[in-house]
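Notes follow once the structure below has been shown.
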Amino acid sequence: MRLSGPNSISIAQSIFLSKHPLGTRIRFAEYGNILVKEQAIDTGLACVFVAPNSYTGEDTVEISCHGSRLILEMVVNEAIRLGARSAAPGEFTRRAYMNGRLDLIQAEAVVDLIQASSEKGVTEAYNLAGGRLSQEILQLKESLVKVLAYIEVGLDFSDEDIDPISRQQIAQQLDDTLKQAQQLVDTFEVGRRRMQGYMVALVGQPNVGKSTLLNNLLGEERAIVTDIPGTTRDLVEGRTVWGGHSIRLIDTAGIRESTDPIEFEGIKRARKMAEEADLTLFVIDATQLNFDSEINFLRKLDPEKTIVVLNKIDQCKHLEKSVFCNIPVVVEISALTGFGRADLIDTALSILPHSASSEGVVLTRQRHVECLNSMIINARNALKLLQAGEPDECIAVELQEAHRHLGALLGEDVGEDLLDSIFSDFCIGK
């Protein structure tokens, strides 16, 4: 149980009884009895953090008891009886932000860290929580401030005999700042995909083994497998992790001509999924004799994000591979036995998009992209005005707006509605 606020230590002293009273030894784990209405119900550890050196920036006490839900509820209720109240979702992190312990990017990253479903997701969320993106935004702000200062020097000393820095130099610095901002924006799609999970669609004709392959890749019986063509009519999704990346595997309806309205809708969704997916596994039954219809459908797919999966290779006595000679990536597997599974995963990982950011800092939230895009618009306007020889006053207005958007990204002068929206995603106690 965590308490934060000016009365947290005094409340905790009534709940936790130790040899050295709480608050006398800061950041020291005390062992003692946990009391409810002055009666000992458990033993545990407690630690005191004094403002401003705590997560929230306020006096904070953390009490660890045994993992009984009843005991935890009793301790929480006792704290409330003594004057505390239940925390709102994300309130501890919100207080850390309000008290200047975290900026808004770092605060948002806390929930990303909690919700991360892969090693890469954890790494990226930790980079954000640790302030790496914030540092890049601060660098952008500093660059804009320098450009704005050069412009304002010209305004302040327009009547003096002082040589202003040339407009060409100012334009070059502003152009460099714009390129840096655009590079960050360009990481968003990959960053968002990696946080939410790369979408990998299994597409192909009925009864080629898509559902068997889905179950094999997931390691569980997620999709129904039968010899009856057209069993899968809706999208069947499962999650797994490949090479530290979160993967959303989606089994789709078999693509064929159908008059059944339900199956027709499933086929329509399958085609749409093949277009939207980060990677399409086009599954083909390798035992069949003619591949003309598959080759025709393959022409409609993006070759840069498609793997042709020749399934049932264990049952294939002879395979005419020459028909696939013009297809960039072909993998032979047996979804039933697992043959070729590792090769398929390695090939998929080599094709999935990766971040262009050498520093590993990527954007993962739409709010970040919107703020940066707004900044880029204003900065580009300023650059155009600068190159056109327009008055410095007009350039300064655009630069000030660009600077304001970067401040909003870090959480400067944002409204309560935005904060309520952001912290509503948090769970209680974070």
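Some notes on this structure:
- Zone of THR287's modelled label, taken as backbone nitrogen in the stretch 237-254 under 20 Å from a point 7 Å along Cα→Cβ: 254
- Over every Cα atom in the stretch 1-51, the radius of gyration and the widest Cα-Cα span, Dmax, amount to 10.2, 30 Å.
- Residue-count net charge about LEU178 - beta-carbon cut-off 13 Å; Lys, Arg +1, Asp, Glu -1: -1
- DSSP-defined antiparallel bridges as percent of all bridges, the chain, nearest 5: 55 percent
- Rg then Dmax, both in Å and based on the Cα atoms of the stretch 2-86: 11.7, 32.
- Note on GLU401 and CYS427: their simple-model spin labels are 4.3 nm apart, each label 7 Å out from Cα toward Cβ.
- Extension gain, GLU189 back to GLN135 (0.36 nm per residue minus Cα-Cα distance, nm): 17.4 nm
- Taking trypsin sites (Lys or Arg not before Pro) across the stretch 59-149, the ones in a DSSP loop with at most 16 further Cβ atoms lying within 10 angstrom of their Cβ are ARG85.
- Within the chain, helices built from complete DSSP H runs that reach 30 Å or longer along their own axis (Cα positions) and carry a mean Kyte-Doolittle hydropathy of -0.5 or higher are 132-156, 366-387.
- Under 23 Å from LYS19, Cα to Cα: lysines that are on another chain or at least 8 residues apart: LYS37
- Annotation: amide H-H contacts under 5 Å for ASP425 (H modelled 1.01 Å from N, sequence separation of 5 or more, or interchain): none.
- Sparsely packed chymotrypsin sites (Phe, Trp or Tyr not before Pro) within the stretch 7-93, loop by DSSP, other Cβ within 10 Å at most 13: PHE28
- For the stretch 1-86, applying the loop criterion from DSSP together with a ceiling of 12 other beta carbons within 10 Å to the GluC sites (Glu not before Pro) yields GLU38.
- If you wrap the tightest convex hull around every Cα atom of the chain and split its volume per residue, you get 221 Å³.
- Positive contributions from Lys and Arg (+1) and negative ones from Asp and Glu (-1), summed over other residues with Cβ under 9 Å from the Cβ of VAL200, come out at 0.
- Note on LYS210: lysines with a C-alpha under 28 Å away, same-chain residues under 8 apart excluded, are LYS120, LYS268, LYS272, LYS300, LYS305, LYS312, LYS317, LYS321.
- For the stretch 336-428, the square roots of the Cα gyration tensor eigenvalues, ordered a ≥ b ≥ c, give a/c of at least 1.5 with a/b no greater than b/c, which places it in the oblate category.
Taken together, the values in this text are just the output of simple stated rules run on the coordinates, not laboratory data. For clarity, every value in this text was computed on a predicted model and none was experimentally measured. FYI the Cβ positions are ideal-geometry reconstructions off the backbone, even for glycines, and counts take in every protein chain you see.
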